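Chemist: Handing you this structure, nothing more for now.
The values are calculated or read from the model by the stated rules, or taken from the named source; none is laboratory data. Source: prediction; values computed, not measured. Cβ coordinates were reconstructed from backbone atoms using ideal geometry, including for glycine residues, and neighbour counts include every protein chain displayed. Note: accessible area is taken over every heavy atom of the protein model, side chains too, but ligands, DNA and RNA are not part of it. Shrake-Rupley method; radii C 1.70, N 1.55, O 1.52, S 1.80 Å.
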Amino acid sequence: MAIVSAPKLLLAPMVELSHRALRELIAGFGGCERYYTEMVSASGYLHGNRFDQWFTDTAPKPENTAVQFFDSRADAIIDACKKLYDERAANGIPLGGVDLNFGCSAPFIERSGGGVYWMKDPQKAASLVAKLKKLFPSLVLSAKIRLGYEESLESLGNFCIGLEEAGLDYLVVHPRLKHEKFRRKGRWHYVARLAELIKIPLIGNGDIRSYQDYKKAMDNYKPSGIMIGREAARQPWLFSLINAKEKDAEFRIHVNIMESGIKMLELIKKCLPEEFYLSRAKRFFFYFCDNLSFSHHLRFAIQNSASMDQIESLWLSYFKELPADISRVFQ
Ligand SMILES: Cc1cc2nc3c(=O)[nH]c(=O)nc-3n(C[C@H](O)[C@H](O)[C@H](O)COP(=O)(O)O)c2cc1C
């Protein structure tokens with residue numbers, strides 16, 4: 001089943017961030033059209049990792065959440081899809097889709113033949129897509145890519161056309177090369193070129209921090225939609241702000257920053273296993289502290305905290321000293 005209309009706003013897959021607690025927080029502000037899990041090792045999932053239940057949890061919007069798999073082996077990804085498909089059917093939980101990670105450049109993934117390494121072998125990638133579509137015709141299948149190893153519109157275009165012809169439903173492009181870190185801005189003009197080359201929906205991703213960035217990217221590069229990663233942890237309300245500003249450019253949102261932080265701590269404890277509490281809270285506040293006027297000291301203290309209670313108490317103490325930071329208006 002091809003995706004009927006292209007999703008306009010998507011939450012990016014992010015290790016230790018794109019979990020149920022963040023999706024619940026975002027949904028509480030109004031949500032986005034499509035969510036992702038963090039990347040899940042297909043081989044690990046097949047071997048029964050004890051935390052799989054949480055890695056593949058797609059609540060609160062299972063019908064709109066894709067599970068992202070990474071692996072070097074096509075057969076591992078196919079078997080993982082089968083296992084996921086069967087599990088979901090047995091439990092009556094809709095499977096919102098599967099995303100193929102063809103873009104991760106983390107050295108331990110890339111060197112093992114996973115993530116962006118797939119872009120070296122367009123035929124292997126297209127053949128995986130074709131096999132998955134044959135086995136699971138109704139599955140919404142997407143892939144997330146980078147620009148590859150070097151700038152070449154021709155090889156990038158061929159890679160994407162191969163996926164399209166194999167039956168991919170939509171494609172997400174994070175327009176950086178394999179070795180490029182976040183310091184350099186994404187090469188968004190490639191999104192525009194690819195949008196002209198392929199017919200399936202093309203989603204652009206990278207460096208969107210505001211409604212104004214969103215609008216500029218949509219107007220200048222004409223993707224079907226936009227995926228947001230880090231800024232969704234800084235501003236979990238950003239998707240609803242964008243949606244509202246599309247209808248009324250003067251719209252502003254008043255956010256209680258202090259309460260939102262406390263809400264996230266509660267959600268982490270409600271939705272995730274205890275072993276995840278501290279790492280996930282630290283990862284979230286690393287970004288969320290950017291909403292404060294003087295974030296440096298607090299961010300550092302949270303990163304060195306030994307318990308969730310300590311994080312909560314540090315967070316609340318900050319606002320006792322700086323009550324002006326409790327609420328903020330975003331537009
Ligand atoms: C902490 C973190 C973890 C990430 N984990 C993943 C991942 O699991 N899978 C993936 O495809 N990309 C991952 N990415 C890349 C993001 O999905 C996204 O492509 C990138 O952050 C650029 O988008 P942004 O500028 O909106 O953050 C990760 C990025 C960050 C910052």
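Chemist: Quick one: how many residues across the range 2-45 are at positive phi, open to solvent by 10 Å² or more (accessible area, probe 1.4 Å) and more than 10 Å from the ligand (Cβ to nearest atom)? Even if it seems obvious, please write down each step before you answer.
Modeler: First, pick out the residues of the range 2-45 that are at positive phi: 16, 30-31.
The next check asks that each one be open to solvent by 10 Å² or more (accessible area, probe 1.4 Å); those that pass are 16, 30.
Applying the additional criterion that residues be more than 10 Å from the ligand (Cβ to nearest atom) yields 30.
Number satisfying all stated conditions: 1.
Chemist: Continuing with the same structure: Restrict the check to the range 70-83 and report whether at least one residue is within 17 Å of the chain's Cα centre (by Cα) and open to solvent by 50 Å² or more (accessible area, probe 1.4 Å).
Modeler: No; the residues of the range 70-83 include none that is within 17 Å of the chain's Cα centre (by Cα) and open to solvent by 50 Å² or more (accessible area, probe 1.4 Å).
Chemist: Only one of these is in contact with a His (Cβ under 6 Å, 6 or more places away or on another chain) and either buried (at least 16 other Cβ atoms within 10 Å of the Cβ) or not assigned by TED's automatic domain parsing to the domain that holds L163 (or both): G103, G114, G97. Name it.
Modeler: Only one candidate qualifies: G103.
Chemist: Any chance the range 249-258 includes a residue that's closer than 20 Å to H174 by Cβ and either touching a Leu at 6+ places or on another chain (Cβ under 8 Å) or open to solvent by 70 Å² or more (accessible area, probe 1.4 Å) (or both)?
Modeler: no
Chemist: Next question. Hey, among the residues in the range 151-200 that are open to solvent by 40 Å² or more (accessible area, probe 1.4 Å) and closer than 17 Å to S224 by Cβ, which one's nearest to the ligand (Cβ to nearest atom)?
Modeler: Start the filter on the range 151-200 by keeping residues that are open to solvent by 40 Å² or more (accessible area, probe 1.4 Å), which leaves 151, 153-155, 158, 161, 165, 178-179, 181-185, 189, 193, 196-197, 199.
Still in the running and closer than 17 Å to S224 by Cβ: 161, 189, 193, 196-197, 199.
Details: I161: 21, H189: 16, R193: 19, E196: 22, L197: 21, K199: 23 Å.
Looking at residues that are open to solvent by 40 Å² or more (accessible area, probe 1.4 Å) and closer than 17 Å to S224 by Cβ, I get H189.
Chemist: Continuing with the same structure: Among (1) open to solvent by 10 Å² or more (accessible area, probe 1.4 Å); (2) hydrophobic (A, V, I, L, M, F, W, C); (3) more than 20 Å from the chain's Cα centre (by Cα), there is one condition F276 misses while meeting the rest; what is its number?
Modeler: Unmet for F276, out of (1) open to solvent by 10 Å² or more (accessible area, probe 1.4 Å); (2) hydrophobic (A, V, I, L, M, F, W, C); (3) more than 20 Å from the chain's Cα centre (by Cα): (3).
Chemist: Considering only the range 50-78, state which residues are away from the ligand (no atom under 16 Å from the Cβ) and either farther than 20 Å from I93 by Cα or of a type outside the set (V, I, T) (or both).
Modeler: Of everything in the range 50-78, those that are away from the ligand (no atom under 16 Å from the Cβ) and either farther than 20 Å from I93 by Cα or of a type outside the set (V, I, T) (or both) turn out to be R50, Q53, A59, P60, K61, P62, E63, N64, R73, A74, D75, A76.
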